[in-house]
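Undergrad: Sharing a structure, written as structure tokens. Questions coming.
The values are calculated or read from the model by the stated rules, or taken from the named source; none is laboratory data. None of these values were measured; they are calculated from a predicted model. With ideal geometry, Cβ positions are generated from the backbone for all residues, glycine too; neighbour counts draw on all protein chains shown.
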Amino acid sequence: MSRLFPILLFAALACGCAGPVVPQSQPRLLTHANVVPLAIDPAFSFRKTSIFLHERKYEQRSDSEMINFERERMNYGAITGAQMEAREGHYFNFWWRAQRPAHLTVRLEYRQQNLGAYVQAQEVEVPNACGTVETKFKVIGEEFHNDGRVTAWRALLIENGKVVALTQSFLWN
């Protein structure tokens with residue numbers, strides 16, 4: 001632990017953080033995705049995006065152990081068919097970076113197959129964001145089975161009611 005402390009301290013000071021990052025809350029589903037003005041800030045950026053579609057009826061065994069493991073990991077702890085079905089859907093992981101401390105909201109806006117152009121959204125508040133942060137979203141269970149697959153998406157970093165960074169799928173318009 002004593003060797004790790006100087007490294008953590010340096011990392012915190014390098015990005016100007018005064019304290020540790022507060023753990024993120026669970027995403028909340030918004031009833032209406034309001035339009036937010038664009039004010040891109042180079043201090044914030046999306047670094048990496050990972051999207052995983054878990055739909056058992058279309059999955060086949062793969063020669064890759066990593067792919068098989070990821071599929072099995074989604075069902076870990078599920079006993080009944082209903083529990084496994086509730087875990088089917090899209091899983092989104094976004095890694096993003098804040099070069100200065102800020103109170104940010106991470107929003108995932110998405111369209112689903114059966115809803116056409118209707119935009120849904122989920123948000124997570126990150127009160128003391130600094131450095132590299134991972135944010136996870138899920139579109140699973142009844143929402144996935146009733147409304148279909150996610151056809152287009154975009155992720156936004158919002159500070160003080162303005163979009164400071166964004167990333168989006170190819171089909172988002």
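To keep it simple, each residue is scored yes or no on (1) surrounded by 13 or more Cβ atoms within 10 Å (Cβ to Cβ); (2) touching a Phe, Trp or Tyr at 6+ places or on another chain (Cβ under 7 Å); (3) hydrophobic (A, V, I, L, M, F, W, C).
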{"site": "46", "(1), (2), (3)": "yes, yes, yes"}
{"site": "56", "(1), (2), (3)": "yes, no, no"}
{"site": "63", "(1), (2), (3)": "no, no, no"}
{"site": "76", "(1), (2), (3)": "no, no, no"}
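Undergrad: Ok, one more. Can you name every residue in the range 67-92 that is aliphatic (A, V, I, L, M) and within 26 Å of residue 152 (Cα to Cα)? Spell out the reasoning first.
TA: Going residue by residue through the range 67-92, those that are aliphatic (A, V, I, L, M) are 67, 74, 78-79, 82, 84, 86.
Listed by number, the residues that qualify are 67, 74, 84, 86.
Undergrad: Just wondering, is there one or more residues in the range 135-147 that are modelled with pLDDT under 95, of a type in the set (A, V, I, L, M) and in contact with a His (Cβ under 6 Å, 6 or more places away or on another chain)?
TA: For the range 135-147, residues modelled with pLDDT under 95, of a type in the set (A, V, I, L, M) and in contact with a His (Cβ under 6 Å, 6 or more places away or on another chain): absent.
Undergrad: Does residue 37 meet the test of being exposed (fewer than 12 other Cβ atoms within 10 Å of the Cβ) and touching a residue at least 12 places away in the same chain (Cβ under 8 Å)? Quick ask: steps written out before the conclusion?
TA: Working: exposed (fewer than 12 other Cβ atoms within 10 Å of the Cβ): yes; touching a residue at least 12 places away in the same chain (Cβ under 8 Å): yes.
Yes; evaluated as a whole, the condition is true for this residue.
Undergrad: Kindly provide the set of residues from the range 119-173 that are among the aromatic types (Phe, Trp, Tyr) and out of contact with any strand residue (DSSP E or B) (no Cβ under 7 Å at 6 or more places or on another chain), ordered by number. First the steps, then the outcome.
TA: We begin by selecting, within the range 119-173, every residue among the aromatic types (Phe, Trp, Tyr); these are 137, 144, 153, 170, 172.
Scanning the range 119-173 gives a single hit, 170.
Undergrad: Residues to consider are 104, 29; find the one that is modelled with pLDDT under 90, under 23 Å from residue 129 (Cα atoms) and within 20 Å of the chain's Cα centre (by Cα). Walk me through it before giving the result.
TA: Numbers: 104 fails: modelled with pLDDT under 90.
Sole residue among the options that is modelled with pLDDT under 90, under 23 Å from residue 129 (Cα atoms) and within 20 Å of the chain's Cα centre (by Cα): 29.
Undergrad: Could you grab me the full set of residues in the range 88-146 that are hydroxyl-bearing (Ser, Thr, Tyr) and crowded, with 17+ Cβ neighbours inside 10 Å?
TA: Taking the range 88-146 first, the residues hydroxyl-bearing (Ser, Thr, Tyr) are 91, 105, 110, 118, 132, 135.
Result: 91, 105, 110, 135.
Undergrad: Going by the structure shown, is residue 63 part of a loop (DSSP other than H, G, I, E, B), under 30 Å from residue 84 (Cβ atoms), modelled with pLDDT of 85 or more and of a type in the set (D, E, K, R)?
TA: Yes, satisfied.
Undergrad: Every residue in the range 77-121 that is without any contact (Cβ under 8 Å) to a residue 24 or more places away in the chain and part of a loop (DSSP other than H, G, I, E, B), please. Give the steps one after another, and end with the answer.
TA: Step one: list which residues in the range 77-121 are without any contact (Cβ under 8 Å) to a residue 24 or more places away in the chain, which gives 77-83, 116-118.
Matches in the range 77-121: 77, 78, 79, 80, 116, 117, 118.
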